[in-house]
Amino acid sequence: MSATDDSMPLQRETDDPHPSSKALPVRRGIPFFATSFLRTIATFAVFALAVVSALLIWSNYVTAPWTRDGRIRVQVASIAPQVSGQIVEIRVADNQFVRKGDTLYIVDSFDFQVAVDQAKQQLAMRAADAEVKKQQAERRKKLSDLATTPEELQQYVGNATQALATFEAAQSQLAQAEINLKRTQVRSPVTGFVTNLLMRVGDYARAGTTNVSVIDADSYWIDGYFEETKLAGICIGDRVEAKLVGYAQPIQGRVDTITRGIGVSDAAPGTQGLPNVDPIYTWVRLAQRVPIRIAITDVPAGVPLVSGLTVTVTVRDGGTQDDGWFARRWHDLVGRTTSIFGSRRSCVLPTSAPTGGPAMTLVTPVLPARKSLADVIPGVAPDLTSAPR
């Protein structure tokens, strides 16, 4: 092949020598009007989804019943000794778990043991005196009017009655001395944790002065402080999720009671006893917060209950604790959507006072049964009841 042949461009065999005679391409697929209609539908769908999302976000952050202002609360038993004395033994440590009835510390019992011994001796003396005067009165009753006078008989009967009353008082004094001796062992009235223990052996315990506190482990609850604008979505018995800071698993609970009153600053009397009304600006109006008591029903493993911790409290409309995470969130989404496009649910709060939990009682000492003279001094004076010779 020559050089001139190499410089000439090669023409494909398939090229059409007459391009003008080639047919115009025909449009195939979805017609143009159908494509435009689908684009319009998609635009409206995206717009509707954006509106619903905005409404859901507004409902979740403005009207949904949830709050970050929640606290874990607990009952604390402030324990004070019922007798005074020096502390000779402490059987617990700070933050130790104790059960109801466990001994916390012991007060010196020497003086109280002496008081019990003296009370027993006094009781024996009073019993013997009462028996002597009783037999004297019985003998006088059997004598004729020639051997005794009515005045003398009344005197002996009165002495016997007084001696019997003294005997009864001696029994009460012995019971008091014995219970004081038992009270030298200060016991826990609840099951829980010893907290802020500052006492030491050698301290003087004064009757009625608190020196140890025990947190009741069975009394934890949650206080959620909800804005007044969110009360309409809260009902007694609603399921509640409370999340602690730093823990993923929420504490489960239910709405127990709703506080029926909060402090009003305008109700305080001012000058000359007139109501002191604070000025208010109409363009700034803060919603008041109302405490709602939440009973704890389930605590996940590894989540501690510490009084005073901050929790985020959320009231759930639907679903149960046994449902899965997805099911609970689905029920919650349906409830939020229904509240937006439908009427918000309204709860009629009970008008009666809350019944509360089980009654808490503390075992108190009971006065022992009264003893007879024969029970106190059996065989002490065998000739005491013998007839005179």
- The percentage of Cα-Cα pairs in region 140-235 separated by more than 15 Å is 81 percent
- Long-range amide H contacts for Gln185: which residues qualify at under 5 Å (H placed 1.01 Å from N, peptide plane, sequence gap of 5 or more or a different chain)? Val107
- Message: Let's test this: bin the Cα-Cα distances of region 81-214 at 10 Å from zero up to the farthest pair and state each bin's percent.
- Response: 12, 27, 19, 14, 12, 9, 5, 1, 0
- Query: Here are some pairs, Lys120/Lys142; Lys133/Lys371; Lys100/Lys243; Lys120/Lys182; Lys134/Lys371; which of them have Cα atoms lying more than 26 Å apart in this structure?
  - Reply: Lys120/Lys142; Lys100/Lys243
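Every number in this text was worked out from the coordinates using simple rules, so none of it is lab data. All figures in this text were calculated on a predicted structure; none of them were measured in a lab.
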